[in-house]
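Coordinate-derived values only; no laboratory data. Given the structure is predicted, the values throughout are model-derived calculations rather than measurements. Neighbour counts are summed over all protein chains in view; Cβ atoms, including those assigned to glycine, are modelled from backbone coordinates with ideal geometry.
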Amino acid sequence: MSFVQTPPVLGNQYREDRVLQSFLRRHVPADTLAAIAPSLDRMGERAVGDLAAAGMAGRSDEPELIQWDAWGNRVDEIRVPEAWRTFARAAVEEGLVATAYERAHGEYSRLHQFALVYLFDRSTKVYTCPLAMTDGCARTLELIAPAALRDRVVTRLTSRDPARAWTSGQWMTERTGGSDVGLSETVARQSPEGWRLYGTKWFTSAITADVALTLARPEGGAAGGRGLALFLVETRNHEGRLNGIRVDRLKEKLGTRMVPTAELTLEGTLATPVAGLSDGVRNIAPMLNITRTWNAVCSAASLRRGVALARAYAARRVAFGCSLGGQAAPPGHARGDAGGVRGGVSPGLPRSRVARARGSWDAERWRCRRAATAPTDRQAHDRAAGGRRRERNARGVRRCRIRRGHRPSGTAA
């Protein structure tokens, strides 16, 4: 039978991540770490268990926009893949947002939360996108919203009950741009029912969210960012219908294709001012800070997963008689051919010290490393001959310089 490569298999991503464990030991008190470790271990197992399985099973699935029902009614229903619902339930049950607001471990609660996020992210097709915005919305409302609005909404955003939990969106980008939000064209007008929004939001990720923070300019408001106000939108009314929102289309994206991202038209959307009727950009800053922190953590998680996959593959791929993981460097690199690195190790680092640092090497793997890096008879002969040539050349240069009147320093004429 022809050769078929065995695929890499990942183990518990918390137990195998020595860097994460070392970081937590340095920054978290021992008693706190002992309390949070079971949840991290459980997430590390789910990251290669049910969450990874759901992601692989639905890796080609994408959200679908159904704009009309069979009777010609505009419904704008967005159907998400089954994997997306699996990720949503797991995130709520494991407290990926709630952990930060329960504050069970005081100042270390955020660290606990982001360690969970770090383990969760790479197995869940960027479901961290709606989670980041949910966290950002909860923090913004916690800081600046009126008590009634805060108490009603934040408890839903931070719930561990899948039947009660809400997610949030962040609607800022318009056709005028996403960075210079002071050019936003969405208008807020008062009505007997409250404030209503009119305009277009050009890039709204996780459009299936229950609420969203968005910017709009109250009629008669000043130009620029200071004239914008921050509003909270509940995406559906008490009848379960969209709240004056028309979903024009889902975005065609190069990546993150399971995330439902849409272009919206707001047609009298009821909204609640969060903190006055101006300074909307400044007021939404807590959300931006939180979501950017999530982005940084998830970027690190991506790098870590790449390393984990590379190591798992190297342990199973065999070449030249042993696994890639048991070799110091590929053939041809043993003499420092790869950018000054000898045998895959920095030239300034003694091999004995490297061996001690990598205490996991067993005798068989060490034998493979020595076999892979040991010079052949021909290489040994070439090195010896090269050394003799260099010595002869050096003696010739010295004799030539003496004949021309140049003597080494410290010698008499």
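One table, with the values for the structure above:
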quantity: In region 81-145, the trypsin sites (Lys or Arg not before Pro) that fall in loop regions by DSSP, at most 15 other Cβ within 10 Å; calculated: 103
quantity: Residue-by-residue Karplus 3J(HN,Hα) for region 152-168, coefficients 6.51, -1.76, 1.60, Hz, glycine and proline x; calculated: 6, 9, 4, 4, 7, 5, 10, 6, 9, 9, x, 6, 10, 5, 10, 10, 10
quantity: Relative contact order of region 168-283, pairs being alpha-carbon contacts under 8 Å that are 6 or more residues apart, as %; calculated: 31 percent
quantity: Projected area, mean over directions - region 37-83, Cα convex hull, nm²; calculated: 4.5 nm²
quantity: Whichever aspartates and glutamates have a C-alpha closer than 12 Å to that of residue 201, once near sequence neighbours (fewer than 8 apart) are set aside; calculated: 174, 185, 248, 263, 267
quantity: Unit Cα scatterers, Debye sum, region 35-194: log10 I(q)/I(0) for q = 0.12, 0.13 Å⁻¹; calculated: -0.69, -0.79
quantity: Low-density loop positions, GluC sites (Glu not before Pro), region 230-291 - DSSP coil, at most 15 other Cβ in 10 Å; calculated: 239, 252
quantity: Region 168-283, Cα convex hull volume normalised per residue, Å³; calculated: 99 Å³
quantity: Qualifying lysines (Cα of each under 19 Å from Cα of residue 125; at least 8 residues distant if same chain); calculated: 251, 253
quantity: Per-peptide average of other Cβ atoms within 10 Å, ordering 306-314, 130-138 highest first; calculated: 130-138, 306-314
quantity: Around residue 236: net Lys/Arg minus Asp/Glu count, Cβ-Cβ under 14 Å; calculated: -2
quantity: Net charge over other residues, Cβ less than 14 angstrom from the Cβ of residue 177 (K, R count +1; D, E count -1); calculated: -1
